[in-house]
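The following block contains the structure, expressed as structure tokens.
Bear in mind that the values in this text are calculations on the coordinates, not laboratory data. Nothing here was measured: the structure is a model prediction, and the numbers come from that model. We place every Cβ from the backbone using ideal geometry, glycine too, and count neighbours over all the protein chains shown.
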Amino acid sequence: MDRAGSSWAGYVLTGGKSSRMGRDKAMLHWQGTRLALHIGREVEHAVGNVTFVGVIGAKELWPQAIPDAIAEIGPLGGLITALRHTTADWNLIVACDLPHVDRELLHNIRAAAGEDADCVACRTEQGWEPLCAAYHRSVLPIAEEFAAGGRFKMQEFLRALRVTAVAADPFVLHNVNTPEDWAAA
């Protein structure tokens, strides 16, 4: 259950070098638009707003974008950026390379946020998906401590939090990192 009176913000992480893809994943064409914009619409539908973080591609497509506060540390840097930027209690964080993420899943994440969690993350039989999750803004000091200590792995970060799981179909959480992944999507 959603914390009474909790406010929500939505963020799409669009940073990254896309080195395995060979081009900016956020800018890939998907269902008549850019992949990041598609994900942004789903996030906005779930929480009422969206901000793009770490934009490498054409910033004119998303003028409300904010650059990574800490560059070159991967998704943890995007999460820290979002949590420094937010004024909301809960923050829906979704990577731009999850083309099949849908509103239903994002609404389920939101519905699972409660007093006893720092994070609500998707989980499949393959494990956690920390980049389709909601983080309470109170985890910012923990994230900053991880970054300062050179610990950038999101899976490790999740282990430091009280996490509520939301079951998800692995197909919906399949990310596209390579041209082969993109062709399969």
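Counting Lys and Arg as +1 and Asp and Glu as -1, what is the net charge of the other residues whose Cβ lies under 14 Å from the Cβ of residue 79?
Here the charged neighbours net out to -2.
Using 0.36 nm per residue, how much length does the chain from residue 71 to residue 145 gain when fully extended, once their Cα-Cα distance is taken away?
Result for the pair: 25.1 nm of gain on full extension.
Give, as a single signed number, the net charge of other residues whose beta carbon lies under 12 Å from the beta carbon of residue 101, with Lys and Arg counted +1 and Asp and Glu -1.
So the environment of residue 101 carries a net charge of -4.
Another question, then. When the chain is fully extended, how far beyond the present Cα-Cα distance does residue 103 get from residue 169, taking 0.36 nm per residue of separation?
That pair, residue 103 and residue 169, stretches by 22.4 nm at full extension.
Amide H neighbours of residue 166 under 5 Å, counting only residues 5+ apart in sequence or on other chains, H built in-plane at 1.01 Å?
For residue 166, whose amide H was placed from the backbone, the distant partners under 5 Å are 121, 122, 123.
Under 5 Å between amide hydrogens, which residues at least 5 positions from residue 7 or on another chain qualify, with H placed 1.01 Å from N in the peptide plane?
Correct list: 89, 90.
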